[in-house]
Each structure stands twice: as structure tokens, then as C-alpha cells.
Amino acid sequence: MERINVGLVGYGVVGNGVAQILEEKKDLLRKKSGVEINLKKVYTRNWNKNFQYPLSEDKKAYSLEEILNDEDISIVIELTGGIDFPYKLLSEAIKRKKHIVTANKALLAEKGKEIFLLAEKYGVRIGFEASVAGGIPIIRSLREGLVANEIQKIYGILNGTTNYILTNMYKYGKDFKTALKEAQELGYAEADPTLDINGTDAAHKIAILASLSYGGFLDFNQVYVEGIQNIDPLDIDLGKELGYILKLLAIAKGHNGEAEVRVHPTFIPEENPLSKVDGVFNAVMVEGDSVGETMFYGKGAGSLPTASAVVSDIVDISKSVIRGIGNEIELTSMNWEHKDLSLTRVSDFFTRYYIRFTVPDITGILAKVAEVFAKYSISIAAVIQKEKVLSYYKNSTSEKIVPLVILTHTASENNVQKAIEEIESKGITVGKSVIIRVEDEEK
Ligand code: HSE
């Protein structure tokens, strides 16, 4: 039985889960994989804290060098967070020919190209199953289970915090601030939940999935990202009337050698299985040309679910260390097409739109809006106008301001933006219009 020594850097929630699994499930892992995995050293900046899974003194490292300089350690597990520190750490570890396991989606989405190319150069592997959707084995499924497929589309709910908030807004009519506060009180949202609610966390994850699906590195700054911070419960209710549920979707589609990668609040039909994914759960739909539609569901965060993914990488890399790493490096990078991916520009998106105008309830408004839509070849699929008064026009009590919602058929983003700009500039509406994209493909 071969033994593989691993070193862990970062001893937070996930790190504790990894240690617990490696220690308590040693036998199971050995029986299932034929490898004995030994957690040799763990480094964290401060050992003077209470840990969920306390370690014996012999496993504690008090400097990074204890791990980096240990020639018996062949895999370094990075569970720190942020970008700059882990980037330096991983670069150092790779140069010392240590294989890497990381859960760091920000690092891989923003500096993946540098890290993967360095790893190829030094002949080491990088495992990153835990970087997307926690315990759901989506990376390995794309790479292995779905290898026979051209991925047409991959989309899903990749952030538990925002899904918890939107579920609460939808089910219990809460507003954004109240739902966020509750998520924080329950420990679901970070003390600083900015990257979750502004969509960045989901964007990091879909950038990784897009790279893997379409085989190239991408420029993260070109991914279109919109968060949920401005969602008004009124739109959740109006969407419901149209048969839609609001989710923060992360979407990647491949077409004509390009990838369209975007994250934004999205209406999906009630019949779409993703609409039933509530609370902190994650789910990913993958459409492949051979397999058709597949769905992956599970916990996207948390100590043991995320650790389950980290350990799967440790086992996988350990097995290939024992077999001889050989050509596996290149094949396990995300860059299997050996190229940089071109991303579709936002203005070139085609999708359906829910647009809420705020209009005075007077004769001819709908006709004027429809005229501009026709000018830009935007076909209207449904209209809702409510008598519900949002406010009164210029303090008058006779001119009511009401919501006017238009659901479009598939239209060009460029045309939709131009039409809205024209409608607003002509003074047909009062106040800013709300645009929510709809993922409801028309056959
Ligand atoms: N903060 C993330 C979420 C989990 O809310 O889903 C870690 O990626």
C-alpha cells in the first residue's frame, strides 16, 4: 500500500472538514482507492483558537516552510481564500513540484491561466473540484462523465446565499434587506456578503465551468455580472403572474467558437427543475449533444460537503502520483483546446426580457411603448398593466403612476437597450425601467 503525504494550508471551516474526513475515514478511503492518505502537516496563522476539529500537536505547522520544504509532502491543499496570498503560495508549491488541491474559485477564475500554465510547466496537477458548487461533483462530471459531449449550455444556481435570499423574498414576501439580514443571522451569509450578492462569487464559478466546458482560459473581466441587490419584490410578484420564478442564474453557452458567460437575476419557468431549488442549495444543469439535459443538485457550501470535494481531488491526484503522473497534467487542466476563449459581447446576447416600465396611467402610453418596440424589431409576448398605484404623478391625485410589464419574445440585447433608452428619453415613462432577462427558450 502506497502512502501519500499531504499538507494543508488554511484551517477554517472547510479545512477542519478535510482534516476530519482524512483522519476519520482513512480506512474507507484506503479500501476505495488503494491509497493511504496521510495528513502530515497543517498550517494556519493562529493556532490559539477553538477549532471544530482540533488537531494533535504533531500535525501543526508554525510556518509555511514546514510544508513547502517537506519533500515527503506531495500534495498541498490550499484553503485560505483571497487571491494574492494563495497565488504566491501555489506558485511556490508548484515550483517545488507539489501537486495542488484548491477550493479557491476567485483565484482560478481570475488567475487560472497563470496557475495552470505554471503547473503544466512544472509537471504538477491541480485539483479544483471544490471550487464550484461545494459538494456537487460537477468538475469531474464535466471532465469524465460527460467527456463524450459537446456542451451546448451549462447553467445553474451557484450561490447559496443569494438563493436563500431570493427564496425568502419569493415565498414569504420579504424585501431584500430583511432577507439578507436573516441569512446573516442564520450564518448562511458572510459578515461581508458583497461578493455573493453582487454576483461575483457565482461569476467566478461559472467562469471555471465555462473554461472546462469550452476548453480555454477566459478574461474574467469580460464576464457579464449583475447581482440581486436591487431586486424589488414587486417584480418577483409580477413575474409569478407570468409563470416565472426569479433566480440568480449563472449561464454559459457555446456558439460559433465563442462562449457567452453571464450572471444575473433571471426569470425561469415554474416547470424548470431549477425553480424548485430553494434555500442554500445549488444546482447545475448541463446540456450535452449526446446526453441531452442533466441536472446536478446538492450543497454548495459547508464544512463536510466542500471537504468531500476536496478529498475527492486528493484521492484522485494520489492515485495518479502512484501510477505516474505522465500525460495527465495537460488532460486535467481546463485548457484542453489550448486557446483563450472569446467571450460574446453583452450587446450580442439574444434572450427573452421582462421589462417593467413605470408609467402614468393615461391614454396612449401602451401604444407609444409598442411603437418603439416595433421599431427595434422586438416582439411582445405578454403585457401586464396593474391598476395598483405606485405613486401619483407630480403630487397630483388624478394621474396615477402604475407598473407596465412587457414580456418579449427572443430579442437582441442591443435593440432592447436602445428601445428602453428611447422610451425613457421620450418621457413616456417616469423613473428608471427594470430589465430582467428570462431564460425560457422558444422552440
Ligand atoms: N458564499 C458561497 C455561497 C459559498 O453562498 O454559495 C462558497 O462558495
**Request:** Go through 382, 370 for me and flag whichever is free of Cβ contacts under 8 Å to residues at least 60 places away in the same chain, in contact with a strand residue (DSSP E or B) (Cβ under 9 Å, 6 or more places away or on another chain), not assigned by TED's automatic domain parsing to the domain that holds residue 214 and not in a loop (DSSP other than H, G, I, E, B).
**Result:** 370
**Item:** Count of the stretch 347-387 residues which are under 22 Å from residue 266 (Cα atoms) and of a type in the set (A, V, I, L, M)
**Value:** 7
**Asked** Can you name the condition, by its number, that residue 174 falls short on among (1) touching a strand residue (DSSP E or B) at 6+ places or on another chain (Cβ under 8 Å); (2) of a type outside the set (Val, Ile, Thr); (3) surrounded by fewer than 24 Cβ atoms within 10 Å (Cβ to Cβ); (4) in contact (Cβ under 8 Å) with a residue 40 or more places away in the chain?
**Response** (1)
**Item:** Exclusive hit being within 16 Å of the ligand (Cβ to nearest atom) and either surrounded by fewer than 24 Cβ atoms within 10 Å (Cβ to Cβ) or closer than 19 Å to residue 310 by Cβ (or both), set 82, 145
**Value:** 82
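Could you check the stretch 179-217 and list, in sequence order, the residues that are basic (Lys, Arg) and within 11 Å of the ligand (Cβ to nearest atom)?
Residue satisfying the conditions is 205 alone.
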**Asked** In this structure, is residue 294 within 15 Å of residue 202 (Cβ to Cβ), out of contact with any helix residue (DSSP H, G or I) (no Cβ under 7 Å at 6 or more places or on another chain) and touching a residue at least 24 places away in the same chain (Cβ under 8 Å)?
**Response** no
**Message:** I'd like the full set of residues that are in a strand (DSSP E or B), more than 13 Å from the ligand (Cβ to nearest atom) and surrounded by fewer than 20 Cβ atoms within 10 Å (Cβ to Cβ), limited to the stretch 286-312.
**Reply:** 287, 292, 293, 294, 295, 296, 297
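The values are calculated or read from the model by the stated rules, or taken from the named source; none is laboratory data. All of these numbers come straight from a predicted model, not from anything done at the bench. Heads up, the Cβs are rebuilt from the backbone with ideal geometry, glycines too, and the neighbour counts pull from every protein chain shown.
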